[in-house]
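The values are calculated or read from the model by the stated rules, or taken from the named source; none is laboratory data. Quick caveat, the model's predicted, so the values are computed rather than measured. Counting neighbours? That spans all protein chains shown, and the Cβs are built from the backbone with ideal geometry, glycine included.
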Amino acid sequence: MVKRASVNSLTNVAAFCLLILLMAFFVILIIRYFRYKSKEGFENEINIGIMTMMKDPKNLETWLKKNRDVGIKHFYIRLEDTPTLMDYLQDQDDVSLQIGESNGTNEYNEIQNRQNKMVNDFLTQAQTDGYNMDWLIHIDSDELLDGDLDEIRQQPQHVHTFWMQNEEAKFNKIPEKNDNLFDCASVFYDCAKNPEKCVSYGNGKGGARVCKDTRSNGPHRCKSLKSNTKEVKLEKVKVKHYECSDFDSYKKKYLRLSKQDSSTRNDIPFDYYKESIDAALSGNDNLLRAVFTKYRVEN
């Protein structure tokens with residue numbers, strides 16, 4: 001009886017040990033499976049970046065944070081005439097920085113020429129720089145992306161470019177130097193549905209797949225060199241446009257834009273721009289505030 005009990009005890013211990021080994025084996029399998037799926041998900045992640053040209057941007061930290069929060073993984077920034085921000089941007093792990101300068105005259109047209117070159121430079125750079133960007137979007141430093149970026153991630157391979165409608169901010173007062181630009185808007189208007197409410201462009205902004213076939217197509221669009229590819233309009237992603245910033249920045253912008261040859265001034269299509277330039281040149285801040293209020297403030 002003692003011998004039989006001893007055998008049964010050994011059998012139970014062996015069975016228990018086998019059960020523990022089997023459980024450990026399955027735990028290891030489960031851990032490896034989830035590690036594999038996690039790695040697979042990372043490798044298949046569709047990464048979206050922003051490319052922009054900026055000069056003395058307002059509330060840059062907020063701009064970066066809000067675009068990060070919506071899902072942007074990397075920023076390609078051409079910084080012009082603002083050396084005080086170089087160190088800050090170089091310290092950002094998700095920023096690739098290009099240093100440039102403005103021409104100083106005819107900036108309404110010249111900015112667009114430099115933007116076109118910048119977009120092509122960054123689309124080329126992103127193919128080989130190791131940040132694994134799949135899409136790049138061109139917006140300005142007074143604009144934020146808004147919506148579900150999964151609409152971009154889910155585009156089929158034959159879609160090479162897209163565009164998004166812009167919505168322009170109105171304010172309940174003129175933003176001042178200490179105001180955060182991105183917290184000041186009281187209402188936004190869709191510039192396709194309400195063009196009379198928008199002071200500048202209304203044809204949206206674009207983005208492109210990072211590949212050898214995509215290029216800039218003006219400051220608001222991209223194009224593909226392949227004939228069998230497609231451009232789509234996004235429905236779930238918009239561009240929130242805050243158009244300039246506080247009064248001091250507004251004044252500086254239109255003093256810069258006032259340095260136009262007489263022939264190029266006629267190229268500016270927006271009444272708001274022309275009236276702002278005239279008011280800035282007058283040296284009368286009250287007149288300049290009146291123009292801002294006329295076009296940008298809505299109670």
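In region 104-123, is there at least one residue being surrounded by 17 or more Cβ atoms within 10 Å (Cβ to Cβ) and among the small types (Gly, Ala, Ser)? Please lay out each step first, then the result.
Quick first cut of region 104-123, residues surrounded by 17 or more Cβ atoms within 10 Å (Cβ to Cβ) only: 106-108, 111, 114-115, 118-119, 122-123.
Narrowing the set further to residues that are among the small types (Gly, Ala, Ser) leaves none.
So far as region 104-123 goes, no, none of its residues is surrounded by 17 or more Cβ atoms within 10 Å (Cβ to Cβ) and among the small types (Gly, Ala, Ser).
Can you find a residue in region 139-155 that is in a strand (DSSP E or B), small (Gly, Ala, Ser) and under 15 Å from the mean Cα position of the chain (by Cα)?
Initial filter on region 139-155 (in a strand (DSSP E or B)): 143-147.
Next, only the ones that are small (Gly, Ala, Ser) stay: 147.
From what is left, the residues that are under 15 Å from the mean Cα position of the chain (by Cα) are 147.
Taking every residue of region 139-155 in turn, at least one turns out to be in a strand (DSSP E or B), small (Gly, Ala, Ser) and under 15 Å from the mean Cα position of the chain (by Cα).
Any idea how many residues of region 252-272 are surrounded by fewer than 18 Cβ atoms within 10 Å (Cβ to Cβ) and under 18 Å from Lys294 (Cα atoms)?
3
Given (1) within 18 Å of Leu64 (Cα to Cα); (2) part of a loop (DSSP other than H, G, I, E, B); (3) in contact with a helix residue (DSSP H, G or I) (Cβ under 7 Å, 6 or more places away or on another chain), where does Tyr131 come up short, assuming only one miss?
(3)
Of the residues in region 102-117, how many are out of contact with any Phe, Trp or Tyr (no Cβ under 8 Å at 6 or more places or on another chain) and either at pLDDT 95 or above or under 18 Å from Ser216 (Cα atoms) (or both)?
Qualifying residue count for the region: 9.
Taking the residues in region 52-101 that are hydroxyl-bearing (Ser, Thr, Tyr) and under 15 Å from the mean Cα position of the chain (by Cα) as candidates, determine which candidate is surrounded by the fewest Cβ atoms within 10 Å (Cβ to Cβ).
Quick first cut of region 52-101, residues hydroxyl-bearing (Ser, Thr, Tyr) only: 52, 62, 76, 82, 84, 88, 96.
When the remaining residues are screened for being under 15 Å from the mean Cα position of the chain (by Cα), the result is 52, 62, 76, 96.
Working: Thr52: 23, Thr62: 15, Tyr76: 25, Ser96: 20.
So, considering only residues that are hydroxyl-bearing (Ser, Thr, Tyr) and under 15 Å from the mean Cα position of the chain (by Cα), the one surrounded by the fewest Cβ atoms within 10 Å (Cβ to Cβ) is Thr62.
Can you list residue pairs whose Cβ atoms sit under 9 Å apart, with the first residue in region 148-162 being assigned by TED's automatic domain parsing to the domain that holds Asn67 and under 18 Å from Arg221 (Cα atoms) and the second being outside any loop (DSSP other than H, G, I, E, B) and hydroxyl-bearing (Ser, Thr, Tyr)? Count only pairs 6 or more apart in sequence or on different chains.
Note: pairs meeting the criteria are His160/Thr214; His160/Ser224; Thr161/Thr214; Thr161/Ser224.
Looking only at region 98-116, which residues are of a type in the set (Asp, Glu) and not in a helix (DSSP H, G or I)?
Residue satisfying the conditions is Glu101 alone.
Please name all residue pairs, on different chains or six or more residues apart, with Cβ atoms under 9 Å, provided the first residue is in region 194-214 and is in the same structural domain as Glu275 (by TED's automatic domain parsing) and free of Cβ contacts under 8 Å to residues at least 40 places away in the same chain and the second residue is surrounded by fewer than 23 Cβ atoms within 10 Å (Cβ to Cβ) and not aromatic (Phe, Trp, Tyr).
From region 194-214, no pairs qualify.
For Glu275, only one of the following conditions fails: (1) crowded, with 19+ Cβ neighbours inside 10 Å; (2) charged (D, E, K, R); (3) over 18 Å from the mean Cα position of the chain (by Cα); (4) assigned by TED's automatic domain parsing to the domain that holds Asp148. What is its number?
Failing condition for Glu275: (4).
Being polar (S, T, N, Q) and either under 15 Å from the mean Cα position of the chain (by Cα) or modelled with pLDDT of 95 or more (or both) is the filter here, so list the residues in region 39-51 that pass it.
Passing the criteria: only Asn47.
Restricted to region 226-246, and to residues that are buried (at least 19 other Cβ atoms within 10 Å of the Cβ) and touching a Gly at 6+ places or on another chain (Cβ under 9 Å), which residue is nearest to Asp179 (Cα to Cα)?
Among those residues, the one meeting the criterion is Val239.
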